[in-house]
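Student: Before we start, here is the structure in question, set down as structure tokens.
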Amino acid sequence: MNIVLLGSLLAVAAWLLFGPSTASGYRNTRPVGEPARTEVGAGDVQDVGLLLELLGACLDAGSSITGALETVAEVAAPERRTAMRQLVAGLRIGASWQHSWAAVSHPGPLLPIYRALSFAALTGAPAAAILYADARQLRAQEQRAAEKRAAALGVRLVVPLGLCSLPAFICLGVVPVVLALLP
């Protein structure tokens, strides 16, 4: 009975600290019986590392930088898709690389792609290797950030775990001893 109470209190503490998706332990759950979605549609790709790898794969397949950007824009998130289409439009009409990027209204979501492709576009260096290296570096940075957040989680859970285990300790450890000492 106490284990159930302790687990419930821990779940409530996790819900209060981190939100409802963490308390259940699962994110983006789907109802039972609903098939898992396997296809990638327009606007599904949020991961910049994946976009960099997709661009690299397009370039490895023989596509131009403009063609690769146009192809990857179709599966990118909406804010990145709009910026990529503006960039492609500038490149298609013959504007230089720098002028095409200057015409992009919100280049913020594309900065990793800009850094990766600028050297290749301005010097003629093979861009696919640069894109793959930047994707690996971006994923390593994300991994380190996730490890830091996981390390901080232990510190943030000390108080809820203490509040959950203190009543159990009192009920199971202190109360029986006090009751045994009473005549």
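The values are calculated or read from the model by the stated rules, or taken from the named source; none is laboratory data. Bear in mind that the values here come from a model prediction, so they are computed numbers and not experimental data. Cβ: placed from backbone, ideal geometry, glycine included. Neighbour counts: every protein chain shown.
Student: Which residue out of ALA103, ALA95 is over 21 Å from ALA125 (Cα atoms) and at pLDDT below 90?
Tutor: ALA103 is the lone residue from the list that is over 21 Å from ALA125 (Cα atoms) and at pLDDT below 90.
Student: Report, by residue number, each residue of region 109-130 that is under 18 Å from HIS99 (Cβ atoms), in contact (Cβ under 8 Å) with a residue 40 or more places away in the chain and more than 20 Å from the chain's Cα centre (by Cα).
Tutor: Across region 109-130, the qualifying residues are LEU117, ALA120, ALA121.
Student: Of all the residues that make up region 113-145, how many are touching a Phe, Trp or Tyr at 6+ places or on another chain (Cβ under 9 Å) and among the β-branched types (Val, Ile, Thr)?
Tutor: Total meeting the criteria: 1.
Student: Looking only at region 124-183, count every residue that is of a type in the set (A, V, I, L, M, F, W, C), surrounded by 10 or more Cβ atoms within 10 Å (Cβ to Cβ) and not in a helix (DSSP H, G or I) and tell me the total.
Tutor: Counting residues in region 124-183 that are of a type in the set (A, V, I, L, M, F, W, C), surrounded by 10 or more Cβ atoms within 10 Å (Cβ to Cβ) and not in a helix (DSSP H, G or I) gives 2.
Student: State whether one or more residues within region 71-80 are crowded, with 19+ Cβ neighbours inside 10 Å and in contact (Cβ under 8 Å) with a residue 60 or more places away in the chain.
Tutor: No, because not a single residue in region 71-80 is crowded, with 19+ Cβ neighbours inside 10 Å and in contact (Cβ under 8 Å) with a residue 60 or more places away in the chain.
Student: Taking ALA102, is it within 17 Å of the chain's Cα centre (by Cα), surrounded by fewer than 13 Cβ atoms within 10 Å (Cβ to Cβ) and assigned to a helix (DSSP H, G or I)?
Tutor: Criteria not met by ALA102.
Student: Further question: Considering only residues that are aliphatic (A, V, I, L, M) and assigned to a loop (DSSP other than H, G, I, E, B), which ones fall in region 48-94?
Tutor: Matches in region 48-94: ALA61, VAL75, ALA77, ILE93.
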